[in-house]
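Read through the structure below, which is laid out as structure tokens, and then see the notes.
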Amino acid sequence: MPMNRKTVLLLVLLLALAGAAGCASGPLTSAEGNVKVTLPLAGETVAMTQQPDGSWKGSIHTTGTARAFEATVSWQASFVASSGATISLGEGAFMTSAGAPEFGSFDQLLTLVEPAGQPEPRGKGTLRIFIASMKDGSPLDIVDIPITLRTGQ
């Protein structure tokens with residue numbers, strides 16, 4: 001049964017809105033195109049386990065490609081507590097398989113840690129993958145991946 005013009009236009013509009021709302025699956029790419037993250041997927045759940053000292057620990061797997069000076073890619077993870085405060089879950093850097101001007105691949109298991117005495121890490125968080133500016137260290141080629149934090153013993 002052929003579709004009429006209105007039905008086709010409606011389908012195109014719905015697909016465009018789904019993409020604009022972030023419903024599209026697939027890799028997340030920085031606006032500049034130099035960082036592409038294939039894992040984690042947007043909304044991925046990270047299990048945070050309380051440690052004997054009262055801190056919380058979890059891990060998240062990240063893969064992708066980047067065109068970065070000296071093959072160095074940086075990361076930061078955080079979440080917003082119920083008080084509205086942004087709480088860090090760690091930061092660091094890792095190496096890709098090749099430096100700029102080539103794209104290098106990466107496959108890393110990142111450890112997220114929240115010190116004891118902070119609010120329980122649960123709910124919405126963000127994993128940021130980026131290239132640090134050689135000039136001043138500011139983040140460039142940012143890819144922000146929404147994650148969900150779940151706590152348990």
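The values are calculated or read from the model by the stated rules, or taken from the named source; none is laboratory data. Bear in mind the structure is a predicted one, so any value in this text is a computation, not a measurement. Note: ideal-geometry Cβ built from the backbone for every residue, glycine included; neighbour counts use all protein chains shown. SASA here: full protein model, heavy atoms, side chains in, ligands and nucleic acids out. Shrake-Rupley method; radii C 1.70, N 1.55, O 1.52, S 1.80 Å.
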Mind checking which residues of the stretch 100-119 are in contact with a Lys or Arg (Cβ under 9 Å, 6 or more places away or on another chain), open to solvent by 50 Å² or more (accessible area, probe 1.4 Å) and farther than 19 Å from Gly54 by Cα? Ala100, Pro101, Glu102, Phe103
Regarding Ser97, is this residue open to solvent by 50 Å² or more (accessible area, probe 1.4 Å), more than 18 Å from the chain's Cα centre (by Cα) and at pLDDT 95 or above? yes
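Name the single residue that is nearest to Val113 (Cα to Cα) among those in the stretch 45-75 being among the polar types (S, T, N, Q) and either open to solvent by 70 Å² or more (accessible area, probe 1.4 Å) or in contact with a Phe, Trp or Tyr (Cβ under 6 Å, 6 or more places away or on another chain) (or both). First the steps, then the outcome.
Filtering the stretch 45-75 down to residues among the polar types (S, T, N, Q) leaves 45, 49-51, 55, 59, 62-63, 65, 72, 74.
From what's left, either open to solvent by 70 Å² or more (accessible area, probe 1.4 Å) or in contact with a Phe, Trp or Tyr (Cβ under 6 Å, 6 or more places away or on another chain) (or both): 45, 50, 65, 74.
On the way: Thr45: 15, Gln50: 10, Thr65: 25, Ser74: 16 Å.
Among those residues, the one meeting the criterion is Gln50.
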I'd like the full set of residues that are surrounded by fewer than 15 Cβ atoms within 10 Å (Cβ to Cβ) and under 24 Å from Arg67 (Cβ atoms), limited to the stretch 120-138. Ser133, Met134, Lys135, Asp136, Gly137, Ser138
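Okay, residues lined up against (1) free of Cβ contacts under 8 Å to residues at least 40 places away in the same chain; (2) outside any strand (DSSP E or B); (3) more than 15 Å from Gly58 (Cβ to Cβ):
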| site | (1), (2), (3) |
| --- | --- |
| Ser88 | yes, no, no |
| Gly92 | yes, no, no |
| Pro101 | yes, yes, yes |
| Ser105 | no, no, yes |
| Leu112 | no, no, no |
| Lys124 | no, no, no |
| Ile131 | no, no, yes |
| Asp136 | yes, yes, yes |
| Thr151 | no, no, no |
Selection within the stretch 80-94 - open to solvent by 50 Å² or more (accessible area, probe 1.4 Å), touching a strand residue (DSSP E or B) at 6+ places or on another chain (Cβ under 9 Å) and either of a type in the set (D, E, K, R) or more than 22 Å from Thr49 (Cβ to Cβ) (or both): Glu91, Ala93
